[in-house]
Structures are given as structure tokens and as C-alpha cells.
Amino acid sequence: MRLEVLLPTAVLVDRQVDKVVAEAADGHFGLLPRHADLATALVPGILIYVPAGGAEVLLGVDEGILVKCGERVTVSVLNAVHGDDLAMLRAAVHTRYVELDEHARTAKSALARLEAGVVRRFIEQEERR
């Protein structure tokens, strides 16, 4: 299988692999060369791949999408980082991607409240005219 891991500004991985293990919202799953085609959303977590004739390689990935079509597996994520130590990589994923997503949701919620307030004030001013 050919694995490509794409970031918004770069290609992080482009190589032949024997196996890919990734994480979706409903859990981890593995892909082998003869696996059925699929497309799924990825959650922040660990992506593992085994290069042809090599040892496992670990990537900490942010949310994204994985598409397997024929012999090609394409993973497109917002951010990713290589790592050798699984525990340290899990901690990095949690700090960099999971906590950041929670902060982004809080910021979006605050921004939505501010926008609603501005719209409400415009409506009130229009009604006074």
C-alpha cells in the first residue's frame, strides 16, 4: 500500500507500507493492503504505520480524514508530529490537539455570544428609528 500523510503545507509521509493503524471516533482500526476501501474522520490520536520491511513508526495526529482507495491510503490532518515514545506522544497529542480544540470551542462560543449581542443591538436601534 502507498501511504500519504498530508498537512496543509507539506507532505509528511509518502511511502510504501504494509499496515496502517488509525483512530476514528468509534475506536482504533487497522488497514492491510487487501482491506475494503473506506473513508473516515480521524480524531486526535496516534497513527501507526509499518513501512515495507520495517519497524512501526508512530505519528501523533490532529483531527482529519483518512481515505483508502485501492492500494492508496491518504491521510489529511491539520497537524502531525513523529515520536518514538508512545506515552510521550500521547501526552503531546493531548496537549497540542485535544486541549487546543477545547480552547477553540470556548473561543468560538464566546465569539458567537458577542456576535449575537451586536446583532441584537442593531435590531434595537433600528426599532427605535
To the nearest 0.05, what FRET efficiency results for ALA41 and LEU114 with a Förster distance of 35 Å applied to their C-beta separation? 0.75
What's the ranking of 84-93, 24-33, 42-51 by average number of surrounding C-beta atoms within 10 Å, highest first? 42-51, 84-93, 24-33
Would you compute, for the Cα atoms of region 6-82, the largest minus smallest coordinate along each principal axis and list the three values in descending order, in whole Å? 26, 24, 19
Using P(r) over Cα pairs in 5 Å bins from 0, in percent as the read-out, say which of [x] 2, 10, 18, 22, 21, 14, 9, 4, 1, 0; [y] 2, 10, 17, 19, 15, 9, 6, 5, 5, 4, 4, 2, 1, 1, 0, 0; [z] 2, 11, 22, 24, 21, 12, 6, 2, 0, 0 was calculated from these coordinates. [y]
Over region 2-128, relative contact order from alpha-carbon pairs under 8 Å, at least 6 apart, %: 21
Expressed in nanometres to one decimal, the distance between label points 7 Å along Cα→Cβ at ALA52 and ARG34 is 1.8
At 222 nm, what helix-only mean residue ellipticity would the chain give, in deg cm²/dmol to the nearest 500, using -39500 (n - 2.57) for each DSSP H run of four or more? -10000 deg cm²/dmol
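FYI, it's all coordinate maths here, none of it is from the lab. It should be emphasised that the depicted structure is a prediction, and the values quoted were computed from it without experimental measurement. For neighbour counting, all protein chains shown are included, and Cβ atoms are generated from backbone atoms with ideal geometry for every residue, glycine included.
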